[in-house]
Amino acid sequence: MVFSFACTGWRRALPWVLGVLMHISAQAQSWVGISASNYNGTNGLALNPANIADSRYRTYVNLLGGDFSFYNTYLTLDAPYSAWQLARDRVPGRYRNAEGEIVFKPEYLRESLNGRAKYASISAEVRLPTLFFSFGAQQQQSVAVGSRVRALVQGNGVSEEVARLSRYGLYKADDLGLAFKALQDNRFAINLNAYQEFAGTYARTLTPNARHFFKAGLTLKYLVGLGSGYINNQGLGYTVYEGDSIQVRSRSLTYGYTDYKYYDNDFKISNLYNKNRLGRGLGLDLGLVYEFRPDHEKYDYVMDDETRANETANKYRLRLGLGLTDLGRVKYDAPAYVSASQLAATTTLQLGSLDTLSFRNLRYVDALVQKLVGVEGRTTSFKSQLPRALNLSADYHLGRSWYLGLLWQQNLLGRYAVGARTFSQLALTPRFERRRFEASVPLILANDYRSLQVGAMLRFSTLFVGSDNLAGLFGGTTFRGYNLYFGVGIGLKRRAPKDHDNDHVSDRRDECPDLPGVWEFKGCPDRDGDHVADAFDNCPDDPGLVKFKGCPDRDEDEVIDKLDECPDTPGLVALKGCPDRDGDGIRDGDDRCPEQAGPAELQGCPDRDKDGVADLDDKCPDLPGPKDHFGCPDTDGDGVYDNTDQCPTQAGPPENGGCPWPDADGDTVPDKDDECPQTPGTVENRGCPVLEKAQQKVLNTAFANLEFEFRKAIIRKKSYPGLDALAKLLVENPAFRLRLAGHTDQVGTPAFNLKLSQQRADAVKTYLLKRGVLPADRILVEGYGATVPLDTNITAAGRARNRRVEMTVLFD
């Protein structure tokens, strides 16, 4: 069966269309050079929504951003001029025609003929205004809202034969060596997607500034489908016979599309968002970031009674990120403009006269396919997956302003899924980063790890421009891809709260911004730290109590120290803070008796006998007495007051302490004067009895007649009669006692004389004992030697008188 169609220029257009559709993969979300920056604002959301938590911005508005990217594995541009020259219109004249137009020759596109399936990519993105701001305690939480438009065209696994026939046309099949050959294209997929997303992101820090720091984020997206189309070949056999004839076998192919007629003259922008929409869907991004902060303490400071981390500094040594992005899909379900079909797998089909085929619109082509080939499972809706990816990142702070970033972006969508795929890539990015300037040079194993690219990015404050493929942008004349991205925004960077007076209270909350103060009083001073602001503190330099307006009360007696006359001892308010332990109304410092209550006139001392003399001074506290005698009376009237009277109830002389003198023998001679206190005597004889004359005569005779041998203690016999009479007297009067005192003259040594005097007295005592004078202790013997002479020792008569034994009768 042969069909004939009229088509002008189809063979010329087809190679370029198919050449573009070698491999499309959504790399618009990478922006590797800016992705790890701490100053990328909202431009890090595409990789990890947690990035906006603990950002160096507190508010950021992305005004506009975008990128364009192209890459393929089939054709290499090998022109004699570079893309950079082309962009600046600096192509040399020899490569221009007579009209000055740049000449592009087909041979500038060099084929890669290695027998492998071919890939190519075109993607574009416009990042519309996006707002991000932080809030909450220490701005721990962040929110971002915004929108972006993404357009992606992608073809995967196109065989080298189809690629070449697409470029040169069927009529070149014989020249290419592909005519009359059974060719098999086992599998390929072509996808076109364009959609807008409205995104809301919430991110927050999960830990305070610590050695191990975490933050997380979540992005929810509402997706508006702008258009989509796909071809998914599961296996196709074909043979090209001539320039306009082809035989198709073993068809297993599905396709779907949204008709561009949707955007005809009646189209309104609002149609995209109301019931007339082409498609819609939901998307989700998840992110988690860990930071290792070994020196986290040095970034902490206290402000407004909170421990904060330095908002302006990057505090990590190592940052690790995990992001799952673009989880979701767009469902296209507008029946009038959406179609999805599968070719009927029937017998071999022979097509001819293809060079007469004309292209009118998609529905015409769809109807033609149904007529020629047949379709089955036709529907008016299909779902297009988002380019979901796993993004693992690491960023190491080398020191000062130098960083080294690592990004691994892994595609998570099947190669032949309906939807857009992202490139898998691995990038190592050294960068120099400061608040107002940044430069990075990423080294990227890109395009599903197929090509090694060098990129670059420059940022000036919130304006940045970069490329992940410098060779395509600024390189030489040979390249396979091209990439450029840019962005501009307005950012308010995080700053430590202003604290003009350095009192750790921010100026916006400091009620005394020019005076160092404390948080408790909103930055107003409290010099003594007593929790009473100086403005209300009556004692601003001495710590005190709130109830006393900041004045101290050391002894806690409710009297402030400056009014307390006893500030270190608890006292009474009525006594100006001084104590009154005995409660007599007289403060202890003025109270002579602080432990005993007493009247004021006695300085707080008691007066038990009420005699006007304080007990402290009263020698007789229980007996009233005159003040001039220490409160003591004279009970016995002896002129000795009771306080000194040893016998207060018995009259006695002062010299005896007011006591009467004792007279044991009752002879009216006081014992103190009585030489015989136990024996009654006369006053004249000092209390001793007077011997009778006869008795005295016996005593005198014995004394007068007593003689001793010369310088011996031997009594001469002529002395015996007198001593016998004396012995008789003593025996007859047993109350009499006798004292014998021996004396000598000075002839001889004192020792001899002393001994001799003692021996002579002993001789007399011995004699009397023999005569019956008992007991022996009635006789007291003393020897004085020559120490007590009666007369001179110069004359013999005097010495004779000195040699004697005196005899004295004694009474008790």
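What to note about this one:
- Share of Cα-Cα pairs in the range 746-812 lying beyond 14 Å, as whole percent: 62
- Per residue, the range 627-770 exposes 56 Å² of accessible surface when a 1.4 Å probe is rolled over the protein heavy atoms with every protein chain present.
- Point-charge dipole on Cβ atoms (K/R +1, D/E -1) for the range 602-672, about Cα centre, debye to 20: 280
- Qualifying trypsin sites (Lys or Arg not before Pro) in the range 217-271, where qualification requires a DSSP coil assignment and no more than 14 other C-beta atoms within 10 Å, comprise Lys268.
- When the charge dipole of the range 377-503 is built from unit charges on Cβ atoms (+1 for Lys and Arg, -1 for Asp and Glu) and taken about the Cα centre, the candidate among Ala417, Gly487, His500 whose Cα reaches farthest toward its positive end is Ala417.
- Under 21 Å from Lys627, Cα to Cα: lysines that are on another chain or at least 8 residues apart: Lys610, Lys619
- With helices as the sole contributors, the chain gives -3500 deg cm²/dmol at 222 nm; each DSSP H run of n ≥ 4 counts as -39500 (n - 2.57), and the sum is divided by every residue.
- Per-peptide average of other Cβ atoms within 10 Å, ordering 61-71, 573-583 highest first: 61-71, 573-583
- Net lengthening on full extension, Arg88/Lys712 (0.36 nm per residue, minus Cα-Cα): 208.0 nm
- Counting protein heavy atoms only, the chain has 57 percent of its accessible area on carbon and sulfur, 1.4 angstrom probe.
- Per-residue HN-Hα couplings for the range 493-508 [Karplus 6.51, -1.76, 1.60; θ = phi - 60°; Hz; x = Gly/Pro]: 6, 5, 9, 5, x, 5, 9, 4, 9, 6, 10, 6, 10, 5, 4, 5
- In a DSSP loop and with at most 10 other Cβ atoms within 10 Å, the GluC sites (Glu not before Pro) in the range 557-614 are Glu595.
- Using θ = phi - 60° and Karplus 6.51 cos²θ - 1.76 cosθ + 1.60, couplings along the range 119-134 (whole Hz; Gly, Pro as x): 9, 8, 8, 9, 9, 8, 8, 10, 9, 7, x, 9, 10, 10, 8, 10
- Using the Cβ-Cβ distance between Arg415 and Tyr202 with R0 set to 45 Å, the FRET efficiency from 1/(1 + (r/R0)^6) comes to roughly 0.85.
- Under Karplus coefficients 6.51, -1.76 and 1.60, residue-wise ³J(HN,Hα) of the range 407-417 in Hz, glycine/proline x: 10, 10, 10, 10, 5, 10, 9, x, 4, 10, 6
- The chain, dipole about Cα centre (Lys/Arg Cβ +1, Asp/Glu Cβ -1), debye to the nearest 20: 9140
- Using heavy atoms of the protein chains and a probe of 1.4 Å, the accessible area assigned to Val690 is about 100 Å².
- Angle in degrees between helix 362-372 and the longest Cα principal axis of the chain, rounded to the nearest 10: 60
- A crude spin-label estimate for the pair Lys298 and Phe267, with each label 7 Å from Cα along the Cβ direction, gives 5.8 nm.
- Across the range 106-164, C-alpha contacts under 8 Å between residues 6 or more apart give a mean separation that, scaled by the residue count, equals a relative contact order of 44 percent.
- Where the range 157-291 is the region considered: accessible area per residue in Å², 1.4 Å probe: 44
- q = 0.17, 0.19, 0.20 Å⁻¹, the range 672-812: log10 I(q)/I(0) [Debye, one scatterer per Cα]: -0.95, -1.11, -1.19
- Using the alpha carbons alone, the radius of gyration of the range 633-749 stands to its Kirkwood radius in an Rg to Rh ratio of 1.25.
- Measuring nothing but how far apart in sequence close Cα pairs (under 8 Å, 6+ apart) lie, relative to its length, the range 39-134 scores a relative contact order of 47 percent.
- Placing a label point 7 Å from the Cα of Leu113 along the Cα-to-Cβ direction, the residues of the range 56-78 with a backbone N closer than 16 Å are 74-76.
- Under-5 Å amide H pairs with Leu226, H placed in peptide plane, nonlocal only: Ala194, Tyr195, Gln196
- Gain upon complete extension [Asp175, Ala98; 0.36 nm per residue less C-alpha separation]: 24.5 nm
- Computed from Cα positions, the angle between helix 693-704 and the longest principal axis of the chain comes to roughly 80 degrees.
- Within the range 399-430, trypsin sites (Lys or Arg not before Pro) in DSSP loop having at most 11 other beta-carbon neighbours inside 10 Å: Arg400
- Within a straight-line Cα-Cα reach of under 13 Å, Lys105 can be paired with the following aspartates and glutamates, leaving aside sequence neighbours fewer than 8 residues apart in one chain: Asp78.
- Cα-based reach from Lys331 at 16 Å (exclusive), listing lysines while leaving out same-chain residues under 8 positions away: Lys221, Lys275, Lys383
- Overall form of the range 566-644 per C-alpha gyration tensor (a/c, 1.5; a/b vs b/c): prolate
- Placed amide H near Asp607: partners under 5 Å, 5+ positions off or other chain: Asp615
- Taking the charge dipole of the range 615-764 about its Cα centre, with +1 at Lys and Arg Cβ atoms and -1 at Asp and Glu Cβ atoms, the residue from Val764, Phe710, Val669 reaching farthest to the positive side is Phe710.
- Only protein heavy atoms count here; on that basis, with a 1.4 Å probe, Trp84 has an accessible area of about 90 Å².
- Amide H within-cut-off set for Tyr57, under 5 Å, with H built and near neighbours excluded: Arg494
- Which of Asn685, Val149, Gly798, positive extreme of dipole for the chain (C-beta unit charges): Val149
- Here Rg/Rh (Cα atoms, Kirkwood Rh) was computed from the coordinates, and among [x] 1.70; [y] 0.99; [z] 1.04 the match is [x].
- Taking a point 7 Å from the Cα of Arg509 along the Cα-to-Cβ direction, the residues of the range 300-329 with backbone N closer than 20 Å to it are 300-313.
- Based on Cα contacts under 8 Å between residues 6+ apart, the chain shows a relative contact order of 9 percent.
- For the range 153-263: rounded, prolate or oblate by the Cα gyration tensor [a/c cutoff 1.5]: prolate
- Extension gain for the segment Thr749 to Leu463, taken as residue separation times 0.36 nm less the Cα-Cα distance, is 89.1 nm to one decimal.
- Rounded tilt (10° steps) of 750-770 against the dominant C-alpha axis of the chain: 60
The values are calculated or read from the model by the stated rules, or taken from the named source; none is laboratory data. Note that the structure is a prediction, hence the values are computed from the model and not measured. Counting neighbours? That spans all protein chains shown, and the Cβs are built from the backbone with ideal geometry, glycine included. When the accessible area is computed, the model is the full protein with side chains, heavy atoms only, and any ligands, DNA or RNA have been set aside. Shrake-Rupley method; radii C 1.70, N 1.55, O 1.52, S 1.80 Å.
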